[in-house]
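The values are calculated or read from the model by the stated rules, or taken from the named source; none is laboratory data. Computed from a predicted model, the values in this text were never measured in an experiment. Quick reminder, even Gly has a Cβ in these numbers, built from the backbone with ideal geometry, and neighbours come from all protein chains shown. When the accessible area is computed, the model is the full protein with side chains, heavy atoms only, and any ligands, DNA or RNA have been set aside. Shrake-Rupley method; radii C 1.70, N 1.55, O 1.52, S 1.80 Å.
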Amino acid sequence: MYASVKSFGLLGLETYVVNAEVDLGGDKFNFDVGGLPDAAVKESRERVEAAIKNSGLPFPYRRITVNLAPADKKKEGSVYDLPITAALLKANLVLKADTDDCAFLGELSLAGEVKGVRGVLPMLLAAKEAGIKKVYIPWENRAEARVIEGVEAYPVKTIRQLLAHFSGETPIAPVPFGVDPAERTDGLTPDFADVMGQPAAKRALEIAAAGGHNCLMIGPPGSGKSMLAKRLPGILPDMSFAESLETTKIYSVAGKLPAGCALITNRPFRAPHHSVSSAGLSGGGALPRPGEISLAHNGVLFMDELPEFSRTAMELLRQPLEDGKINISRVAGTVGYPCSVMLVAAMNPCPCGYFGHPTIRCTCSDAMRTKYLARVSGPILDRIDIHVEVGAVNYEQLTEKTKGESSEAIRARVNAARERQNRRFAGTGVTCNAKMTPAMTKQYCVLSPDAERMLRSVFDKMGLSARAYDKILRLSRTIADLAGSENIALEHLAEAVQYRDLDRKYRAGEI
């Protein structure tokens, strides 16, 4: 007897239809699984057998051959337990129903319970594109189905419940479309009003948020660099539905989607420790999963103590920061993950941290400072739009009774600036000034005559690269947008230029 049902496979974010085929042959018991299965898929033989028997259902002790087609693509994970079981029950005439327009996803416990799996959201999107109308998913993954319209997703708890549904004895209700506000991931974000002093750093982060620019903060320990970075998500603009869906897909594939979460609606904030490996940052594995840089997609990647990261880890950021995508090659194939992030980095000015401090003496030699700063390469610094000094906070600032400006007030200005950018780039796929193409930079970053003369002078004196030149223009455009100006004036350019001088200042030892 032969039977087959549909399921799905994952290769990065790419999803493809998998046919789980089962053939029941001779009387001698054997259970083989083919189709390039990994260890977890091969182990499904034991899980499927135990789950069927412990559910009180007949198991065919015959020659069982399972093929997961297409056979030339590697299959991984436990997602195929339920489709193999469904096909086996069909071949054994226990499941008597038409499943041609159905697909099955899920892991099985030995007791016959259907357990959650990763990647359900992109698989449901693939089902919609393939014209599959009904998908049977684990109960634990039911929240992911609420954001997909046009596919009926049936949450299943056990094998027996699935059979009762197909027999008409106890139908399973499909997951309703629509995100429940109670399940949204928006939470309490720390407020900028809690940060005492640091007006220059707050202004720099407001500009970074308004234009999607990368930012580097340099200052002594305890000056508030991490505190400022953690408050950045609170002033970022709202995510569009498309951004939320793409970010949620990445978390679903990585198996990091919070329990009960239908859609990630607040921008991610990822802060990997400086001991993170290159694979942990970029993504990895035999079939690579997303790393920290992809988990920060459409949000913030915060790298505290930047010089302490390995050189390899830092250098792998170079191309992803430019392209907004990272490609990972393995024997099984090459996968690509989006990683359009705002990089926010923080570092001390020297190994002891107190170079330039007004009251604490630095104990580092010039050679030590030079070696420490050299850990951050010029190409990485060149890709960071804003370099800002975060000075030590004095007693008067710490004891100030008046609270600073709230994140809500700053966010209002950021949203207004982003709205101008949305109108400017409508229909182009570009979402902020930092992502402008060279042609767009030339079109929208027109300087006044005074600003043009200043930039010419600055370019020669600072020895700027072509990339730094473009970044100053885009940064000037963001500052003008915050000011509500259609034209880039001298004061807008002057402020942008000062954010490109800090690394040279420290390297030259001018403090």
Roughly what would the spin-label model give for residue 63 and residue 454, points 7 Å off Cα along C-beta, in nm?
-> 8.3 nm
Whole-Hz couplings from phi, Karplus 6.51/-1.76/1.60, listed for region 407-424; x for Gly and Pro = 4, 4, 5, 5, 5, 4, 5, 4, 4, 5, 5, 5, 5, 4, 5, 4, 5, 5
Report Rg(Cα)/(2.2 N^0.38 Å) for the chain, keeping two decimals.
-> 1.17
Convert each backbone phi in region 193-206 into a coupling constant with the Karplus relation 6.51 cos²θ - 1.76 cosθ + 1.60 (shift: θ = phi - 60°), then list the ³J(HN,Hα) values in order as whole Hz, x for Gly and Pro.
-> 5, 7, 7, 8, x, 6, x, 5, 5, 4, 4, 4, 5, 5
Ranked by how many other beta carbons lie within 10 Å on average, peptides 15-24, 426-435 from highest | 15-24, 426-435
Kirkwood-based Rg over Rh for region 1-121 (C-alpha set), two decimals?
-> 0.93
Stretched out fully, how many nm does the piece from residue 1 to residue 442 gain, at 0.36 nm a residue minus the Cα gap?
-> 152.1 nm
C-alpha center-to-center spacing [region 397-419, region 425-498] in angstrom = 24 Å
Residue 289 long-range amide H proximity, modeled H, under 5 Å = 284
Would you list 166, 425, 29 from the most to the least accessible area, probe 1.4 Å?
-> 29, 166, 425
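If you roll a 1.4 Å probe over the chain with all protein chains in place, what percent of the accessible area is carbon or sulfur?
The C+S portion of the solvent-accessible surface of the chain is 51 percent.
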Would you grab the residues whose amide H sits under 5 Å from the one on residue 103? Only those 5+ places off in sequence or on another chain, please, with H modelled 1.01 Å from N.
-> 134, 135, 136
extent check for region 326-475: Cα max minus min per principal axis, descending, whole Å, gives 53, 52, 39
Ignoring ligands and nucleic acids, residue 2 exposes an accessible area, probe 1.4 Å, in Å² to the nearest 10, of 130 Å²
Full extension from residue 334 to residue 394: what is 0.36 nm times the residue separation minus their Cα-Cα distance, to one decimal in nm?
-> 16.4 nm
Express the accessible area of region 27-89 per residue in Å², computed with a 1.4 Å probe while the remaining protein chains stay in the model.
-> 42 Å²
Beyond 22 Å (Cα-Cα) in this structure, taken from 225/435; 6/133; 134/249; 42/128; 74/249; 325/471, we find 225/435; 42/128
With all protein chains present, calculate the accessible area of residue 500 using a 1.4 Å probe and round the result to the nearest 10 Å².
-> 0 Å²
Report the full-extension gain for the segment residue 365 to residue 167: residue separation times 0.36 nm, less the Cα-Cα distance, to one decimal in nm.
-> 63.3 nm
